[in-house]
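Worksheet: the structure to be examined is printed underneath.
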Amino acid sequence: MRIIAGRFKGRKLYVPARGVRPSTDRVRESLFAILGDLDGARVVDLFAGAGTLGMEALSRGAAEAHFVDRGRAALAALERNLEAARQAGVPVTVHSRPVRRFLGAHWPEGRVDLVLLDPPYGDPEGPACLRILAEKHGEKVGRVVYECAGKDDPPVPEGLERERELHYGDSKLILLRGGARP
């Protein structure tokens with residue numbers, strides 16, 4: 001697996017053998033074509049795993065990113081994947097904690113332009129964290145991307161607005177907007 005486009009294009013992404021389901025090249029390529037210009041964006045990658053979505057955002061111009069996960073193998077791969085960003089002087093922060101705790105007590109100050117949520121498919125923690133995100137931070141968030149199994153249909157909580165849905169095989173991307181507008 002490699003970064004598709006941008007300043008880190010072609011950079012190999014390390015993924016643990018088990019416990020992580022990275023977004024496919026096709027999903028990432030389509031998603032970032034829709035998201036468009038990320039120059040200067042602040043990104044939060046929740047359930048980051050190996051960081052494939054957040055790294056793609058950084059490669060395409062995001063100015064900084066926060067990665068949140070607690071799996072040991074995922075964090076080890078994430079740290080390897082972030083080497084290129086750190087060498088380029090891009091501010092990245094890894095939060096080794098449950099997503100709920102990050103949402104409650106460790107959320108970055110100010111506006112966040114893009115939130116990427118890619119919880120394990122079928123895990124009830126995903127919709128719960130989406131609800132907490134909307135309740136606590138919806139007004140300070142620009143766009144939210146929620147990746148889930150194609151058959152799942154999590155409710156869109158108050159504070160977020162559904163823009164569109166994209167289906168790719170067994171995966172679905174739900175694009176949402178928060179209260180912060182560019």
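The values are calculated or read from the model by the stated rules, or taken from the named source; none is laboratory data. Owing to the predicted nature of the structure, the values given are computational and were not obtained by experimental measurement. Backbone-built Cβ (ideal geometry, glycine too); neighbour counts: all protein chains shown.
Okay, here's what the table says:
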{"read-out": "Count of residues meeting criterion [within 12 Å of residue 51 (Cβ to Cβ), touching a helix residue (DSSP H, G or I) at 6+ places or on another chain (Cβ under 9 Å) and among the aliphatic types (A, V, I, L, M)] in the stretch 74-94", "value": "6"}
{"read-out": "Yes/no for residue 159 being at positive phi and surrounded by fewer than 16 Cβ atoms within 10 Å (Cβ to Cβ)", "value": "no"}
{"read-out": "Selection within the stretch 65-106 - in contact (Cβ under 8 Å) with a residue 60 or more places away in the chain and either in contact with a Leu (Cβ under 6 Å, 6 or more places away or on another chain) or within 17 Å of residue 42 (Cβ to Cβ) (or both)", "value": "81, 85, 88"}
{"read-out": "Sole residue being aromatic (Phe, Trp, Tyr), in contact with a His (Cβ under 8 Å, 6 or more places away or on another chain) and either buried (at least 17 other Cβ atoms within 10 Å of the Cβ) or farther than 24 Å from residue 136 by Cα (or both), chosen from 102, 47, 8", "value": "102"}
{"read-out": "Pair list, Cβ < 7 Å and 6+ apart or interchain, from the stretch 127-151 residues that are within 18 Å of residue 106 (Cα to Cα) to residues that are β-branched (Val, Ile, Thr) and assigned to a helix (DSSP H, G or I)", "value": "129/99"}
{"read-out": "Meets criteria (modelled with pLDDT of 95 or more, surrounded by 22 or more Cβ atoms within 10 Å (Cβ to Cβ), more than 18 Å from residue 1 (Cα to Cα) and under 13 Å from the mean Cα position of the chain (by Cα)) for residue 94", "value": "no"}
{"read-out": "Test: residue in the stretch 127-143 that is surrounded by 13 or more Cβ atoms within 10 Å (Cβ to Cβ) and in a loop (DSSP other than H, G, I, E, B)", "value": "no"}
{"read-out": "Any hit, the stretch 4-22, residues being of a type outside the set (S, T, N, Q), in contact with a strand residue (DSSP E or B) (Cβ under 7 Å, 6 or more places away or on another chain), touching a residue at least 12 places away in the same chain (Cβ under 8 Å) and under 28 Å from residue 135 (Cα atoms)", "value": "no"}
{"read-out": "Condition broken by residue 60, with the remaining ones in (1) in contact with a Ser or Thr (Cβ under 7 Å, 6 or more places away or on another chain); (2) basic (Lys, Arg); (3) surrounded by 13 or more Cβ atoms within 10 Å (Cβ to Cβ) satisfied", "value": "(1)"}
{"read-out": "Matching residues, the stretch 141-153, being modelled with pLDDT of 95 or more and of a type in the set (Lys, Arg)", "value": "143"}
{"read-out": "Residue count, the stretch 144-153 (criterion: assigned to a strand (DSSP E or B) and over 13 Å from the mean Cα position of the chain (by Cα))", "value": "1"}
{"read-out": "Qualifying positions in the stretch 75-122 - small (Gly, Ala, Ser) and either in a strand (DSSP E or B) or over 18 Å from residue 148 (Cβ atoms) (or both)", "value": "76, 77, 84, 85, 88, 89, 96, 104, 105, 110"}
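For (1) at pLDDT 95 or above; (2) among the polar types (S, T, N, Q); (3) more than 13 Å from the chain's Cα centre (by Cα), each residue gets a yes or a no:
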position	(1), (2), (3)
103	yes, no, yes
112	yes, no, no
121	no, no, yes
128	yes, no, yes
155	no, no, yes
169	no, no, yes
